[in-house]
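Down below is the structure, laid out as structure tokens.
The values are calculated or read from the model by the stated rules, or taken from the named source; none is laboratory data. Source: prediction; values computed, not measured. Note that we place each Cβ from the backbone using ideal geometry, even for glycine, and neighbour counts take in every protein chain shown.
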Amino acid sequence: MDKDTKEKELKDQITKPLIKVGITIGDLNGIGPEIIVKALRDNRILADFVPIVYGSNKVISHYKKALNLQDFNYLSCKTAADIHAKKVNIINVWQEETQIEPGVSGAEGGKYALLSLEAATKDLAEGKIDVLVTAPFSKENVAEAGFNFPGHTEYLAEMSGAKDALMILVSGSLRVALVTTHIPIKEISEKLKKELIVSKIQAFEQSLKKDFGIIKPRIAVFGLNPHAGENGKIGEEEQQTIIPAIQAAKQNGVIAFGPYPADGFFGSPLRNQFDGVLAMYHDQGLAAFKALCFEDGVNYTAGLPIVRTSPDHGTAFDIAGQLIADEQSLRSAIYLAIDIYRNRKIHKESNANPLAFSNEEKGKKD
């Protein structure tokens, strides 16, 4: 049997079981429940994965009725033990009546978003679901409910004990990762230490290999200042920190280049030469990414032992309840989570240590 046939059989074996996709409901009064219903309304998806929504069947029923989706059916479950492989499953995280007020941002929405996240995270940790897809919530509202993290990324890193969680925005072959995430602009320069940048470059490379199946990924690293500092004329971070970090990563075998000026990178053919782009801070990477890929972009948290994705947009309170929200980013998040889960299995199998020769086989070889 040749190598290609073996690899095909391995992929077929790994991709055959349906992946259990846990989906948090997000803020009840944002667009989360609406885009979930829209993303799951086509029964053909049930051939690809098992959807498990953590929330309330009453909330889902509200949006089913509002969207006039008479053919959209789901199974109401108490726990993950009740799910059905050929159904859209709704796990009722709470039983009480909830007041749905689309477009109204408040503590109530944060309370139920947090309950949904905690229930889904618990099941993920216990292996009851395979991957997690999170609908957007308001950071302000969940904070009122006792959520003491800047966002999903930091929460899941804490829950899983990971030190090098990495935010990656993904759309097709465009992958943009961030060194710093949810911190004030005035603190960025102080946070950018050589060790941090090196760890993010290495975490990015590992994710590109393990999660995206790229054997020798090429990474472009941005500078911090305009024109990447112009050799120290516009800031010293590139000379003192970023360039030494890139050099250190290269010495460890990472194929990394830069620092590149961020302003013209995405509009030039240069970006097609790389498998990933590492930006120094949130808006440096995400402003351009969302301009290019807002409709189908996905936020992926790399560096965790679990797989978590989300849409690249927020709660969109301004259009909530108008039934015009586009579900494509959520749908893309679901399928990316499935792809990454399978890629990880393939990577693990492909890199497993071969069995040691038996004594008899050793004798034959000698």
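Quick check on this structure: which one of GLN239, GLN322, GLN284, GLN247 is part of a loop (DSSP other than H, G, I, E, B) and either more than 17 Å from SER171 (Cα to Cα) or assigned by TED's automatic domain parsing to the domain that holds ILE168 (or both)?
Answer to the check: GLN322.
Can you tell me which residues in segment 94-110 are out of contact with any Leu (no Cβ under 9 Å at 6 or more places or on another chain) and either outside any helix (DSSP H, G or I) or not assigned by TED's automatic domain parsing to the domain that holds ALA145 (or both)?
Across segment 94-110, the qualifying residues are GLN95, GLU96, GLU97, GLY103, VAL104, SER105, GLY106.
In segment 127-160, how many residues are outside any loop (DSSP other than H, G, I, E, B) and not aliphatic (A, V, I, L, M)?
Going through segment 127-160 one residue at a time, the tally reaches 11.
What about LEU69, is it surrounded by 15 or more Cβ atoms within 10 Å (Cβ to Cβ) and either assigned by TED's automatic domain parsing to the domain that holds VAL142 or outside any loop (DSSP other than H, G, I, E, B) (or both)?
Judged against the criteria, LEU69 is not a match.
In segment 172-182, which residue that is out of contact with any strand residue (DSSP E or B) (no Cβ under 7 Å at 6 or more places or on another chain) and polar (S, T, N, Q) is surrounded by the most Cβ atoms within 10 Å (Cβ to Cβ)?
Of everything passing the filter in segment 172-182, THR180 is surrounded by the most Cβ atoms within 10 Å (Cβ to Cβ).
Please go through segment 214-236 and give me each residue that is within 23 Å of HIS347 (Cα to Cα) and assigned to a loop (DSSP other than H, G, I, E, B), ordered by number.
ILE214, ILE215, LYS216, PRO217
For SER310, indicate whether it is within 30 Å of GLU101 (Cα to Cα) and of a type in the set (Ser, Thr, Tyr).
For SER310, the condition - within 30 Å of GLU101 (Cα to Cα) and of a type in the set (Ser, Thr, Tyr) - is met.
With the condition kept exactly as written, say whether any residue in segment 224-235 is over 20 Å from ARG308 (Cα atoms), at pLDDT 95 or above and either surrounded by 14 or more Cβ atoms within 10 Å (Cβ to Cβ) or among the acidic types (Asp, Glu) (or both).
Yes, segment 224-235 contains at least one residue that is over 20 Å from ARG308 (Cα atoms), at pLDDT 95 or above and either surrounded by 14 or more Cβ atoms within 10 Å (Cβ to Cβ) or among the acidic types (Asp, Glu) (or both).
Going through segment 236-268 one residue at a time, which ones are in contact with a Gly (Cβ under 8 Å, 6 or more places away or on another chain), in contact (Cβ under 8 Å) with a residue 40 or more places away in the chain and more than 15 Å from GLU195 (Cβ to Cβ)?
Passing the criteria: TYR260, ALA262.
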